[in-house]
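Just so you know, all these numbers are worked out from the coordinates, no wet-lab data involved. Small disclaimer: the values here were computed from a predicted structure and weren't measured. Here Cβ is always computed from backbone atoms with ideal geometry, including for glycine, and neighbour counts include all displayed protein chains.
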Amino acid sequence: MSLRAISGWPAELLAFVRQALVAAVRHNHSALAARWRARLYRTECFIDTGVVVVSPANFSAGAGSALYHGCYLLNPHGRVRLGATSHLGAQCYVNACYGTVEIGAGVAIGPGTRIFSYSNHYARGRPVAQEYVTRDVHIGDNVFIGANCTVLPGSVIGSHVVVGAGSVVRGTLAPNAVYGGVPVRQLKAGWYE
């Protein structure tokens, strides 16, 4: 029986019951709950416990992909695309409130990494709380981004790239290279041949 079929219940109570059921599934470690989470988000992607996708309609994922524990995709108006066999590690945060974050196939993103296509910005003479920037983020295929990295709006990461843990990515990273640091810089070229 659907919750909508229960006539006479106040709307607040129905909303409370629905959210309680979603919370029970969101934090349950069973295989059945994992299947329900994937169904809830309308995806074949493995959805671990504690994952939040604000707008499932603006999220797509390829076969064999995964969002691990505590990932948060803030995408009410923007899009997040996750390629086949790619994953976001535990506690990753993606701010695609506006814009697009596109992640290629075979990408491994370490725990605690933050990716932004939308962010506060600054302009001379304007309050920063009222200034925003929206720039799409593109991550190629076969990329490894270490734990606790930050990928800023407008970043483009080529295919076959490794980004060291704790790095801050801004701009374009050429393919087939290893990068690291704050701000990120190329450490080695030609690692993937």
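Note on the range 41-188: with charges restricted to the Cβ of Lys and Arg (+1) and Asp and Glu (-1), its dipole about the Cα centre is near 420 debye. Extension gain for ASN120 to GLN186 (0.36 nm times residue separation, less C-alpha to C-alpha distance): 21.1 nm.
Just PHE116, PHE16, PHE59 to compare: in a GNM of the chain, with alpha carbon springs under 10 Å, which one fluctuates most? Fluctuation is largest for PHE16. Relative to the longest principal axis of the Cα atoms of the chain, helix 11-26 runs at roughly 50 degrees. Pairwise Cα distances in the chain exceed 26 Å in 38 percent of cases. Using 1/(1 + (r/R0)^6) with R0 = 25 angstrom and r between the beta carbons of ALA147 and ARG18, what's the FRET efficiency to the nearest 0.05? With R0 = 25 Å, the Cβ-Cβ based efficiency is 0.10.
Taking the Cβ of each residue in VAL162, VAL107, VAL94 as the centre, tally the other Cβ atoms inside 10 Å and list the residues starting with the fewest. Exposure proxy ranking, most exposed first: VAL162, VAL107, VAL94.
Between rounded, prolate and oblate, where does the range 89-193 land on the alpha carbon gyration tensor, with a ≥ b ≥ c its root eigenvalues, rounded for a/c under 1.5, else prolate if a/b exceeds b/c? Prolate. Rounded to the nearest 10 degrees, the inclination of helix 31-40 to the longest alpha-carbon principal axis of the chain is 80 degrees. With r as the distance between the Cβ atoms of TRP9 and THR85 and R0 = 30 Å, compute the FRET efficiency 1/(1 + (r/R0)^6) and round to 0.05. Calculated value: 0.10. Among ILE47, ALA24, VAL143, whose Cα sits farthest toward the positive end of the charge dipole of the chain (+1 at Cβ of Lys/Arg, -1 at Cβ of Asp/Glu, about the Cα centre)? Checking the options against the dipole of the chain, the answer is ALA24.
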